[in-house]
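The values are calculated or read from the model by the stated rules, or taken from the named source; none is laboratory data. From a predicted model like this one, the values you see are computed outputs, not experimental measurements. Glycine also receives a Cβ, built like all others from the backbone with ideal geometry; neighbour counts cover every protein chain displayed. The area values use the complete protein model at the heavy-atom level, side chains included, leaving out ligands, DNA and RNA. Shrake-Rupley method; radii C 1.70, N 1.55, O 1.52, S 1.80 Å.
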Amino acid sequence: MDVIALVKDLINKIVIVAWLLFLLTWIIGWAIKGSPIPSSKIRRVGQGLIEDAVWGAFWVAIGTSIFWLISYISIALGNSLPQPPVPQLP
Amino acid sequence: MTFLIVAFYLTILTFYLGVLIYALPIPIAGLKRWGPRLINDAFFTAVIASCIELILNFADYLGQILGSNWDTFFSTIKGLLMFRSTTIVIVSSISSTISKVIPGISRVVSAGLNILTTSLYFLILMYFLGLLIYFGVVTLSSFGIALMAIPFRIARNAGSFLLSFAIVFYIGLPLYPQFSIILSSPLPRSSLDLALVYGNVRNFLGRSIADGYIGIKVGDEYVGPAKLEPRGRAVVLIPKKYMEEYATVYFDVAGHRFYTNISNVILSSICLKRFHEHICEVDVEVKGLLHYSSGLAIHIHPPPVKVEDINMNSSHILITLQTDVETMLYISAVNGYSITRVYLDSTSLGNPDKYKAYEWTWYNVQGATYTIPIPSGYHIMCIEYFLKSSENLEPSTEDLYPGKILQQDIPMNQFVDYLAATVYLEITSSIIFISLLLSITYGLSRLLGGTRRLRLIP
């Protein structure tokens, strides 16, 4: 039970940090992309950062929906959070 | 159960960790690649964690197709264990008799005994593995999934190994008896091939008989007398070819061979629940016998309607019965007993010697039979006796059984063949089988935990 509480706590913290980080990375990425540095390689780094930040935000937003979908499918296939089968004594 | 809940939450944690890494402003490619990897892993493990019951049902279904049945597995292994341990007991008891005849054979026999004991250990190992997998398949697989769900693939290999171990052994372990039969069938069979016949012995009233000797007659050969195990269990080793011939089982006590319900039948056709071709369980009912203990047998014919009670203590036997025809009570006692008085419904019947019908020799013990007529009706018989000596009440039969089994013609190469075919069978077949299952486990775990994954997302 302690493990589960710890994990839940960690999940909450990580979600908050992820949202903030997404914002931060997006800002930094646009800053690099739009900066007047002459090397195009560095500006491509900025482009990459923006893309990844947007993907991250996308996954955070629909993460819960996908997990709900997985458990819905498994319930539809016949198991809830699974009951272990009871073996009969030989 | 909690393992699965932990696994589910761990997958959610892994997912968000992957998202976090995606959102990190550090542009190092090696680090960034962990983002999609973790997200993939989370989906994969979440699917497995929620479908575990489906997986186990599928494993059951596969097992049914392959013919693996846990009930027959446990019964066969228990029967084989009993067979092996009986063989060990018999071989160790023979070694003392044979070593008087052939000096030096005791070394060979004790080496053979060591090997037999090792093969017994391997059988016990298979039994224990069976218990572990049968009762723990859900726990083991949930624990494996929980390990797989730990982020950054730390315990993924270990978890997938546990999961595939549980599933592969759940499907494959009950196939072990068929496997050992496949291994052993091409091996040469010698005339020493033995089969085990065992069962409970009871009298015609349904009471179990705790003491006595069982013999099996096939044609002109008589295998026995085999002393009953404690609590009335008969265990007899006979040459395997006798299983397919007409056999009669006798209850061999006090100078008489009493008929049982197994009379002139082919043994392999009356075995209950035949799990293994060398093991046969039968149910033996001795006709007409009321009681036997330590050289004193009480027999009645024709059988009475009802016997209420038979009570025997150190000085007398009390029998309460009801019969509707005139019947005859036979008391067969070895000469260590001396019957002092007989009472029928509290009237003394006089000197018991006038009831002595005949004397007999039971292997190497002398005795006599007294016949007492009983009129019809409800009677209480009291037979007072006196035990003159408590030695020599039962014959010494080691040279008859099991000694005689191995005293048939044993050419040395056949003995070695027998040793190889039966004794080493368990050792080699269990080692080969477990290593087969383990390599299948390894393959399945590579599939489940492999690093080359289909990329779900770029």
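Taking the listed residues A:Leu6, A:Leu23, the one that is modelled with pLDDT of 85 or more, more than 9 Å from every other protein chain (Cβ to nearest Cβ) and in a helix (DSSP H, G or I) is A:Leu6, with no other qualifying.
Condition first: among the aliphatic types (A, V, I, L, M) and facing chain B (nearest Cβ under 9 Å). Can you find one or more residues in region A:34-42 that meet it? No; the residues of region A:34-42 include none that is among the aliphatic types (A, V, I, L, M) and facing chain B (nearest Cβ under 9 Å). The residue of region B:388-417 that is farthest from B:Asp252 (Cα to Cα), among those that are modelled with pLDDT of 70 or more and polar (S, T, N, Q), is B:Ser389.
Among the residues of region B:81-96, are any under 30 Å from B:Glu281 (Cβ atoms), open to solvent by 60 Å² or more (accessible area, probe 1.4 Å) and within 9 Å of chain A (Cβ to nearest Cβ)? So far as region B:81-96 goes, no, none of its residues is under 30 Å from B:Glu281 (Cβ atoms), open to solvent by 60 Å² or more (accessible area, probe 1.4 Å) and within 9 Å of chain A (Cβ to nearest Cβ).
Counting only residues that are more than 7 Å from every other protein chain (Cβ to nearest Cβ) and hydrophobic (A, V, I, L, M, F, W, C), which one in region B:3-16 is nearest to the chain's Cα centre (by Cα)? Only one residue tops the list, namely B:Phe3. Answer yes or no: is there a residue in region B:44-55 that is out of contact with any Lys or Arg (no Cβ under 7 Å at 6 or more places or on another chain) and not in a helix (DSSP H, G or I). Checked against the condition, which is being out of contact with any Lys or Arg (no Cβ under 7 Å at 6 or more places or on another chain) and not in a helix (DSSP H, G or I), region B:44-55 yields at least one hit.
Each row is one residue, and each column tells you yes or no for (1) open to solvent by less than 10 Å² (accessible area, probe 1.4 Å); (2) charged (D, E, K, R); (3) touching a helix residue (DSSP H, G or I) at 6+ places or on another chain (Cβ under 8 Å); (4) under 30 Å from B:Ser180 (Cα atoms).
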{"residue": "B:Ile214", "(1), (2), (3), (4)": "yes, no, no, no"}
{"residue": "B:Glu221", "(1), (2), (3), (4)": "no, yes, yes, no"}
{"residue": "B:Pro225", "(1), (2), (3), (4)": "yes, no, no, no"}
{"residue": "B:Arg231", "(1), (2), (3), (4)": "no, yes, no, no"}
{"residue": "B:Leu237", "(1), (2), (3), (4)": "yes, no, yes, yes"}
{"residue": "B:Ala247", "(1), (2), (3), (4)": "yes, no, yes, yes"}
{"residue": "B:Arg257", "(1), (2), (3), (4)": "no, yes, no, no"}
{"residue": "B:Cys271", "(1), (2), (3), (4)": "no, no, no, yes"}
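Applying the criterion of being at pLDDT below 85 and more than 7 Å from every other protein chain (Cβ to nearest Cβ) to the residues of region B:17-29, the residue that is nearest to A:Ala53 (Cα to Cα) is B:Ile26. The single condition among (1) at pLDDT 80 or above; (2) in contact with a Gly (Cβ under 9 Å, 6 or more places away or on another chain) that B:Tyr385 does not meet is (2). Report yes if B:Ser110 is loosely packed, with under 15 Cβ neighbours inside 10 Å and either at pLDDT below 85 or of a type in the set (Val, Ile, Thr) (or both), otherwise no. For B:Ser110, the condition - loosely packed, with under 15 Cβ neighbours inside 10 Å and either at pLDDT below 85 or of a type in the set (Val, Ile, Thr) (or both) - is met.
Taken over region B:44-57, the criterion of being within 7 Å of chain A (Cβ to nearest Cβ) and open to solvent by 20 Å² or more (accessible area, probe 1.4 Å) is satisfied by B:Val47, B:Cys51, B:Glu53, B:Leu54.
Tell me yes or no: at least one residue of region B:318-332 is in contact with an Asp or Glu (Cβ under 9 Å, 6 or more places away or on another chain), open to solvent by 50 Å² or more (accessible area, probe 1.4 Å) and closer than 15 Å to B:Thr369 by Cβ. No - not one qualifying residue is present in region B:318-332.
The strands (runs of 3 or more DSSP E) located wholly in region B:185-263 that include 1 or more residues which are at pLDDT below 80 occupy B:194-203, B:221-227, B:233-239.
Screening region B:305-344 for strands (runs of 3 or more DSSP E) wholly inside it with 1 or more residues that are more than 38 Å from the chain's Cα centre (by Cα) returns the ranges B:316-323, B:327-334, B:337-344.
Inspect all residues belonging to region B:138-148 and state whether any of them is away from chain A (no Cβ under 14 Å) and in contact with an Asp or Glu (Cβ under 6 Å, 6 or more places away or on another chain). So far as region B:138-148 goes, no, none of its residues is away from chain A (no Cβ under 14 Å) and in contact with an Asp or Glu (Cβ under 6 Å, 6 or more places away or on another chain). Of everything listed in (1) buried (at least 18 other Cβ atoms within 10 Å of the Cβ); (2) in a helix (DSSP H, G or I); (3) without any contact (Cβ under 8 Å) to a residue 24 or more places away in the chain, the single unmet condition for B:Phe8 is (3). Of all positions in region A:4-19, none carries a residue that is more than 18 Å from B:Ile12 (Cβ to Cβ) and open to solvent by 70 Å² or more (accessible area, probe 1.4 Å).
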